[in-house]
Amino acid sequence: MDGLAEGSPGISPETLLKNRLDLKRTGDFTGIYILHNVSKDQYYVGQGIRVIDRVSQHFMGRGNADVYADWKYGDQFTIKTVPLLQSGYQSLNDLERDAISAYDAYDHGYNRTHGNQN
């Protein structure tokens, strides 16, 4: 699914959930994900050893509660991912922290921290 790549328009949570098993079968990966609430123009940045599994959890009620509530009440979201191996970063924590900053996800988004510490 090319829509998950950084630089693409992203995919919807509905598309991710519908194709989750196929995506996992083709290879889940370690990296970060960017959830964009298009309706409110807010972001959530997270990381995962198995990104497809982790992103899916957010839209099944087992992730960020505010993201899930906004999605359940009809806000439109897009999802993008950045694999650690293709990012130029050595540390998943550094990649996540820089993305939280770049997307202003702490001050004007869903993130409650600036990212994990090393």
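A few notes on this one:
- In the stretch 26-42, residue nearest to Leu16 (Cα to Cα) [restricted to those that are among the hydroxyl-bearing types (Ser, Thr, Tyr) and in a loop (DSSP other than H, G, I, E, B)]: Thr26
- When residues of the stretch 64-98 are limited to those that are in a loop (DSSP other than H, G, I, E, B) and surrounded by fewer than 16 Cβ atoms within 10 Å (Cβ to Cβ), the one nearest to the chain's Cα centre (by Cα): Gln76
- Residues that are among the small types (Gly, Ala, Ser), buried (at least 18 other Cβ atoms within 10 Å of the Cβ) and within 15 Å of Asp41 (Cα to Cα), drawn from the stretch 99-112: Ala105, Gly109
- Residues located in the stretch 37-51, provided they are closer than 17 Å to Leu95 by Cβ and either under 11 Å from the mean Cα position of the chain (by Cα) or not charged (D, E, K, R) (or both): Tyr43, Tyr44, Val45, Gly46, Gln47, Gly48, Ile49, Val51
- Within the stretch 93-108, residues that are at positive phi reach no partner that is basic (Lys, Arg) with beta carbons closer than 6 Å at six or more positions or on different chains.
- Selected residue [out of contact with any His (no Cβ under 8 Å at 6 or more places or on another chain), loosely packed, with under 13 Cβ neighbours inside 10 Å, at positive phi and not polar (S, T, N, Q)] from Gly61, Gly115: Gly61
- Every test in (1) at pLDDT below 85; (2) of a type outside the set (Ser, Thr, Tyr); (3) surrounded by 13 or more Cβ atoms within 10 Å (Cβ to Cβ) is passed by Asp2 save one, and that test is (3).
The values are calculated or read from the model by the stated rules, or taken from the named source; none is laboratory data. Since the model is a prediction, treat every value here as computed from it, not as a measurement. Methodologically, a virtual Cβ is constructed for each residue, glycine included, from the backbone with ideal geometry; neighbour enumeration extends over all protein chains shown.
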